[in-house]
Each structure stands twice: as C-alpha cells, then as structure tokens.
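The structure under discussion appears below in the form of structure tokens.
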Amino acid sequence: MGLTRRGLLMPLSAAAAMAAAMTVLVAAAVPEAAASAGTSPEVPTSGAPTFGVPASAAPVPEAPVGEVVGAAPLPEADLSHHGYVSFSGGHIAIRIRSENLGPSDVTASTVRLRFSAPLAVTQELPYDCLRSGKATVLCETGGLRSGGGARQTALDLQPAGGPDEVIVRLDTVWNGGVRDTDPKNNVHQVLAPATGDAYAF
C-alpha cells in the first residue's frame with residue numbers, strides 16, 4: 001500500500017522497478033551463498049553448473065567495460081527549495097518556495113520536513129501535505145517546469161511538549177526520477193528558537 005493523496009511518494013511503478021532490481025541482486029548472490037555453505041549447485045546433463053537457469057537459455061553477450069547495455073541517461077534538472085522558518089506561541093510557521101532551474105522539466109516533486117520534536121496529534125495541513133510519522137510531514141509541489149514559476153507551500157504546525165526551539169530538516173524525497181545536478185540547494189537544516197524571528201534557508 002502507498003499514500004493515496006496525489007502521489008506524494010514514489011509512484012508504485014517506480015517502487016515495483018526497485019523491487020525487481022532487488023530480486024536480480026538476490027538471484028546473483030545465490031552462487032556465492034551456495035559456495036560458502038559447502039553445497040553443490042545442480043548440474044544439468046550438459047555438465048555446465050546452473051543455479052535455476054534453464055539449460056536452453058541463450059548466453060548473454062558481455063558488454064564493454066564501463067558501458068551499461070540499454071541504459072538511457074537520466075534527464076537532468078536542478079530543484080531548489082528556499083524560504084524561512086519562525087517559531088513562537090507554540091506555532092511553527094514555514095514558507096517554502098520550490099522551483100526548477102532546469103534544464104529538464106520535473107513531473108513531480110515531494111518535499112520532506114522532519115522536526116526535532118514530535119508534532120501535536122491534531123494538525124491542520126494544506127491539501128498537498130500529510131503526516132508521515134510523529135515528526136515528519138510530506139508536501140507535494142506538483143510538476144515544476146524548467147525555468148518556470150515557483151510553487152509556494154505554507155504550513156502552520158504545532159509541536160507537542162512545548163519545546164523552546166525546534167530544528168527543521170528539509171529535503172527532496174522524490175523528484176520525478178531526474179538527476180539533480182545541484183542537490184545542495186534543496187537540502188536544508190534550520191534551528192528556530194521560540195522568539196518569533198524568521199530564519200531563512
């Protein structure tokens with residue numbers, strides 16, 4: 001199961017692809033496991049040992065060193081999140097400006113906010129945001145065109161326990177599958193004392 005509100009997390013198709021890759025890695029590890037256990041692999045009538053591979057399977061040609069067969073280069077983009085955090089009166093105000101500096105468009109993006117203190121059980125969140133644990137909020141930015149307008153996200157959250165300060169950690173948890181050429185401008189950590197001052201990131 002996954003989150004259902006507008007694809008805030010990695011789409012199921014991408015998750016399925018990751019699961020398939022893990023299956024390939026596990027299958028590749030079987031021969032090593034058999035050798036360390038002192039067991040002999042199944043030997044077909046042809047005399048060539050196999051590990052669950054049909055004897056009729058055609059051999060796979062070797063690729064030149066450093067070349068990945070069939071792999072297309074990932075599109076490149078540069079996601080950027082900036083804004084500010086302020087904390088006073090038991091409320092954490094966060095404003096985020098998300099944009100894509102290009103060169104490729106980003107079909108979807110999800111920002112993750114993690115807090116040093118757990119959040120109160122009851123929170124009013126924007127439509128594109130949801131809770132993910134006691135101290136984490138995920139917010140979808142939607143598609144971001146290369147060099148297009150920025151998307152604004154505004155949150156007003158309440159921490160539990162009345163802390164004197166909070167640390168907010170912000171990063172991109174999903175970027176539509178592009179390669180981010182400058183990840184430093186979308187990963188931030190902000191310490192906000194309960195003074196009401198705005199701290200930029």
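The values are calculated or read from the model by the stated rules, or taken from the named source; none is laboratory data. Worth saying up front: this structure is predicted, and the values here are computed from it rather than measured. Cβ coordinates were reconstructed from backbone atoms using ideal geometry, including for glycine residues, and neighbour counts include every protein chain displayed. What goes into the accessible areas is simple: the full protein's heavy atoms, side chains included, and nothing from ligands, DNA or RNA. Shrake-Rupley method; radii C 1.70, N 1.55, O 1.52, S 1.80 Å.
Considering only residues that are modelled with pLDDT under 95 and in contact with a strand residue (DSSP E or B) (Cβ under 7 Å, 6 or more places away or on another chain), which ones fall in the range 112-123?
The answer is GLN123, and nothing else.
ALA63: at pLDDT below 95, closer than 17 Å to THR172 by Cα, assigned to a loop (DSSP other than H, G, I, E, B) and not polar (S, T, N, Q), yes or no?
no
Inside the range 143-201, can you point out the residues that are assigned to a strand (DSSP E or B), more than 15 Å from ARG112 (Cβ to Cβ), open to solvent by 50 Å² or more (accessible area, probe 1.4 Å) and not hydrophobic (A, V, I, L, M, F, W, C)?
Hits for the range 143-201 are ARG151, GLN152, ASP156, GLU165, ARG179, TYR199.
Against the condition at pLDDT 95 or above, within 22 Å of SER80 (Cα to Cα), among the aliphatic types (A, V, I, L, M) and touching a helix residue (DSSP H, G or I) at 6+ places or on another chain (Cβ under 9 Å), how does VAL190 come out, does it pass?
no
Quick check on my filter: what residues within the range 109-123 are farther than 15 Å from ARG95 by Cα and open to solvent by 20 Å² or more (accessible area, probe 1.4 Å)?
SER116, PRO118, ALA120, VAL121, THR122, GLN123
Looking at the range 133-152, is at least one residue acidic (Asp, Glu), under 20 Å from the mean Cα position of the chain (by Cα) and modelled with pLDDT of 95 or more?
Looking through the range 133-152, at least one residue is acidic (Asp, Glu), under 20 Å from the mean Cα position of the chain (by Cα) and modelled with pLDDT of 95 or more.
Can you work out which of the residues in the range 153-178 that are at pLDDT 95 or above and farther than 26 Å from TYR127 by Cβ is farthest from the chain's Cα centre (by Cα)?
In this case the residue turns out to be ASP164.
Quick check, is ALA150 hydrophobic (A, V, I, L, M, F, W, C), over 19 Å from ALA77 (Cα atoms) and in contact (Cβ under 8 Å) with a residue 40 or more places away in the chain?
no
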